[in-house]
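Down below is the structure, laid out as structure tokens.
The values are calculated or read from the model by the stated rules, or taken from the named source; none is laboratory data. Predicted, not measured: the structure shown is a model, and the values here were computed from it. Cβ placement follows ideal geometry from the backbone for every residue including glycine, while neighbour counts extend to all protein chains displayed.
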Amino acid sequence: MTPPLPVAMLTACAPMVASETTAAVVRVESGGNPLAVNINNGPRVEPQSLAEAVQIATAAIAKGYKVDIGLMQVDSANFAALGVTVTEMFNPCANLRAGGTILAADYMAATQRAEAGLPALKLALSAYNTGDFERGFQNGYVARYFGEPAIPPVTLDPYTAPTQVFARVTLSSPGPGAPADPYTAPVQVYERSPDHASISAPAQAVPAVK
């Protein structure tokens, strides 16, 4: 596992999520490896360079695989809704922004079903991993954040529980005279996919993992 990411980077790139939570997702999802590639139901790969990572991920997606990419293992199924590319998702800051945007949308949806704070955060983490609020408890994913045994799924209305929460983000380029450091690039727009109501994700909308 690589050294922890700087808090300043986590805060700047994913301001909608508490830095402790972003750091925890990075730890669980990729171990801090920005070149991490997971081909769902495909071969295990360990790219050694950015060029190799892009080539492997692009080829797998072209063959119909869903691929998780980068620090927060952003699922390629979300790329169109996020408006991002394979190459962008290997940029650490862009990946944190995309993953944070998805998690923020999941958390906001979760607050409609559970108390804000830790209860909603657990549901959001389940959705981040599986696309719904239950399976992340069943498969032990949520427990990885809290050191607790796998717990029974939360009972939700199956007619209203979403199977996937997509989020869209506009990634802006630094303006003239702006620092080259990608950590300063702001997140401008957060919204759900068209079949959901629009949302606004304020700074640190998602609480810390404790």
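Given the condition of a type in the set (D, E, K, R) and either within 17 Å of VAL206 (Cα to Cα) or at pLDDT below 95 (or both), answer yes or no: does some residue in the stretch 90-110 qualify? Even if it seems obvious, please write down each step before you answer.
At the first step, the residues of the stretch 90-110 found to be of a type in the set (D, E, K, R) are 97, 106.
Now narrow it down to the ones that are either within 17 Å of VAL206 (Cα to Cα) or at pLDDT below 95 (or both): 97, 106.
Checked against the condition, which is being of a type in the set (D, E, K, R) and either within 17 Å of VAL206 (Cα to Cα) or at pLDDT below 95 (or both), the stretch 90-110 yields at least one hit.
Just checking: which of the helices (runs of 4 or more DSSP H) contained wholly in the stretch 9-126 hold 3 or more residues that are among the hydroxyl-bearing types (Ser, Thr, Tyr) and closer than 18 Å to TYR145 by Cα? Give the derivation first.
Working: elements: 19-30, 50-62, 79-82, 92-110.
Where helices (runs of 4 or more DSSP H) fall fully within the stretch 9-126 and carry at least 3 residues being among the hydroxyl-bearing types (Ser, Thr, Tyr) and closer than 18 Å to TYR145 by Cα, they are 19-30.
Within the stretch 45-60, count every residue that is within 17 Å of VAL84 (Cβ to Cβ) and out of contact with any Leu (no Cβ under 6 Å at 6 or more places or on another chain). Break it down into steps so the answer makes sense when it comes.
Step one: of the stretch 45-60, the residues within 17 Å of VAL84 (Cβ to Cβ) are 50, 53-54, 57-58, 60.
Cutting the leftovers down to out of contact with any Leu (no Cβ under 6 Å at 6 or more places or on another chain) gives us 50, 54, 57-58, 60.
Going through the stretch 45-60 one residue at a time, the tally reaches 5.
Just checking, does the stretch 70-86 include any residue being in contact with a strand residue (DSSP E or B) (Cβ under 8 Å, 6 or more places away or on another chain) and surrounded by fewer than 20 Cβ atoms within 10 Å (Cβ to Cβ)?
Yes: one or more hits.
Note down all Cβ pairs under 7 Å where the first residue falls in the stretch 111-128 and is buried (at least 17 other Cβ atoms within 10 Å of the Cβ), the second is β-branched (Val, Ile, Thr) and in a helix (DSSP H, G or I), and they're at least six residues apart or on different chains.
Listed pairs, sorted by first residue: TYR128/ILE102.
Does the stretch 4-13 contain any residue that is within 13 Å of the chain's Cα centre (by Cα) and in contact (Cβ under 8 Å) with a residue 12 or more places away in the chain? Working first, answer last.
To start, the set of residues in the stretch 4-13 that are within 13 Å of the chain's Cα centre (by Cα) comprises 10, 13.
In the following step, the residues that additionally are in contact (Cβ under 8 Å) with a residue 12 or more places away in the chain were identified as 10, 13.
There is at least one residue in the stretch 4-13 that is within 13 Å of the chain's Cα centre (by Cα) and in contact (Cβ under 8 Å) with a residue 12 or more places away in the chain.
Among ILE56, ILE69, which is the only one that is of a type outside the set (Phe, Trp, Tyr) and touching a Pro at 6+ places or on another chain (Cβ under 9 Å)?
Details: ILE69 fails: touching a Pro at 6+ places or on another chain (Cβ under 9 Å).
Criteria check complete, one pass: ILE56.
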